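Peer 1: Have a look at this one.
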Amino acid sequence: MKRSILVITGITALLVGISVTTMFMQQAPPQPFFVGNPLGMPINPAPDGAFTPMSSNVKVYGVIYSAESCSYDPVRGVIVVPNRGVAQNVQTNNAWISFINHDGTVHTARWVGIQNPGEPRSNMTTPLVLNEPLGSDIANGVLYLADRDGGTNPNDPVVSVIRRFNMQTGAPAGETRVEKSTGFNDIEVADDGTIYATQTGGGGQNPDTSTWQVWKITPAGQASIFVQGAPLRQPNGVAFDPQGNIVVVNIGNNEVLTFSPDGKLLRTENAAQPGNDGLVIMPDGTKYVSSVTQGGVSRIRPGQPAELIAQNIPNPASMCYDAGANQLVIPMNANNAMAFIPIPAK
């Protein structure tokens, strides 16, 4: 009889404990949105704003994990790198954004996304969602990311989502879902907020060419297909030329395609290698194209054939131009690293 009383008492205590814990979790107030400090102490911002930077004789490298693209922030003078983290079928909302210095050292390990997935992200006054960002671009003080929802299991369809973040505060600044796209790769954003996004689509012997798409998203969020099918062949990198035309590189061949704003093909150039991913266009019209499959970087000067300026880089992905150091910066996908290539003299 005494044993029964003890068991009942233990169960009651357990239930009370669970009830109190649940009530505490339910009543936990939302936390203000914050971003990570540069390297120094404390790691998280202090309530009084106190911060001491890491001593200048310390250099830190690394921090990059499964990055697909980068952008240059001229205000801070840093390279902005979205890290994809683990795949959606492993854990959702796992990505973060790092700042990298010109020499490859770490400026800020985790700027957006210092909070862990789960309640630390969802329980902020502006909840953070950042799943698997690929392409990125900065325009008018806003960071645009080609993110995606879904893909948590084979029956969960992937949906393209453009997520925006305020470059001054790091706070989420809205998102645009494109339900009919199964995943954007690279993006380029005009000054007025118009977005051009590539959907690479399928490859193989008998691909569905209708999956090769470039989308246009207006500042009001209206999404439409800008170009579809040939001459696209698994489109990847996208950028504007000095005339405001839309330039796209294919991963399925070595073609570099220039389209007018109304979608007309104006020009076809050829990189030195096929399998291209990254694209940077300079003010004089010179194009730099990286081959994620063959590891080279092509330079295409106006009216001239392509030439390789770098070779045998493992999996060079979507490039950005670091204007502060006059160099190309290339995330190296699964190598969890960045490549830095000085712009060669002409």
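Peer 1: Kindly flag which residue pairs out of Lys59/Lys346; Lys216/Lys264; Lys264/Lys287 have an alpha-carbon separation exceeding 22 Å in this structure.
Peer 2: On the way: Lys59/Lys346 33 Å; Lys216/Lys264 14 Å; Lys264/Lys287 20 Å.
Over 22 Å apart, Cα to Cα: Lys59/Lys346.
Peer 1: Another question, then. For the range 217-286, what does the accessible surface come to per residue with a 1.4 Å probe? Please give it in Å². Show your work: numbers first, answer last.
Peer 2: Numbers: 2730 Å² over 70 residues.
Per-residue accessible area for the range 217-286 comes out at 39 Å².
Peer 1: May I pose another question? Taking Cα atoms, how many degrees apart are the long axis of helix 2-27 and the longest axis of the chain, rounded to 10 and kept between 0 and 90?
Peer 2: Around 40 degrees separate the two axes.
Peer 1: Right, another one. Can you work out ³J(HN,Hα) from phi for every residue in the range 178-189, in order, using Karplus 6.51 cos²θ - 1.76 cosθ + 1.60 and θ = phi - 60°, giving whole Hz and x for Gly and Pro?
Peer 2: Running phi through 6.51 cos²θ - 1.76 cosθ + 1.60 with θ = phi - 60° gives 10, 4, 8, 9, 9, x, 6, 9, 10, 9, 9, 10 Hz.
Peer 1: Restricting to DSSP loop positions (anything but H, G, I, E, B) with no more than 13 other Cβ atoms inside 10 Å of their own Cβ, which trypsin sites (Lys or Arg not before Pro) remain in the range 108-209? Kindly include the intermediate steps, with their values, before the conclusion.
Peer 2: Details: sites: Arg110, Arg121, Arg148, Arg163, Arg164, Arg177, Lys180; in loops: Arg110, Lys180.
Passing sites in the range 108-209 are Lys180.
Peer 1: Compute from the Cα atoms of the chain the Rg and the Dmax, the latter being the longest Cα-Cα distance, and quote both in angstrom.
Peer 2: 23.1, 95
Peer 1: Related question: Carbon and sulfur together cover what percent of the accessible area of the range 255-346 at a 1.4 Å probe radius? Can you show the working numbers first?
Peer 2: Numbers: 1840 of 3740 Å².
Carbon with sulfur: 49 percent of the solvent-accessible area.
Peer 1: Let me ask you something else. Whole-Hz Karplus ³J(HN,Hα) for the range 200-212, in order, using 6.51 cos²θ - 1.76 cosθ + 1.60 and θ = phi - 60°, x for Gly and Pro?
Peer 2: 3J(HN,Hα) across the range 200-212, in whole Hz: 5, x, x, x, x, 6, 10, x, 7, 5, 5, 7, 7.
Peer 1: Using Cα pairs under 8 angstrom and six or more residues apart, how large is the relative contact order of the chain, in percent?
Peer 2: Values: 879 pairs, mean separation 39.5, N = 346.
Once divided by the residue count of the chain, the mean separation gives 11 percent.
Peer 1: Would you calculate a helix-derived [θ] at 222 nm for the chain, using -39,500 (n - 2.57) for each DSSP H run of n ≥ 4 and dividing by the full residue count, to the nearest 500? Walk me through the intermediate numbers first.
Peer 2: On the way: 2 runs with 30 residues, N = 346.
Calculated mean residue ellipticity at 222 nm is -3000 deg cm²/dmol.
Peer 1: Pick out which of Ala325, Ala190, Ala50 has the largest mean-square fluctuation in a Gaussian network model of the chain, springs linking Cα atoms closer than 10 Å.
Peer 2: For the chain, modelled as a Gaussian network with Cα springs under 10 Å, the answer is Ala50.
Peer 1: Would you kindly find the accessible area of Tyr321, with a 1.4 Å probe and non-protein molecules such as ligands, DNA and RNA excluded, rounding to the nearest 10 Å²?
Peer 2: We get 70 Å² for Tyr321.
Peer 1: Heavy-atom accessible area of Trp96 with all protein chains present, probe 1.4 Å, nearest 10 Å²?
Peer 2: 20
Peer 1: Computed from the mean reciprocal separation of all distinct C-alpha pairs, what Kirkwood hydrodynamic radius does the range 141-227 have, in Å? If you can, show how the numbers build up before the last one.
Peer 2: Working: mean 1/r = 0.0730 Å⁻¹.
Evaluated over the range 141-227, this radius sits at 13.7 Å.
The values are calculated or read from the model by the stated rules, or taken from the named source; none is laboratory data. From a predicted model like this one, the values you see are computed outputs, not experimental measurements. Methodologically, a virtual Cβ is constructed for each residue, glycine included, from the backbone with ideal geometry; neighbour enumeration extends over all protein chains shown. Note: areas computed on protein heavy atoms with side chains; ligands, DNA, RNA excluded. Shrake-Rupley method; radii C 1.70, N 1.55, O 1.52, S 1.80 Å.
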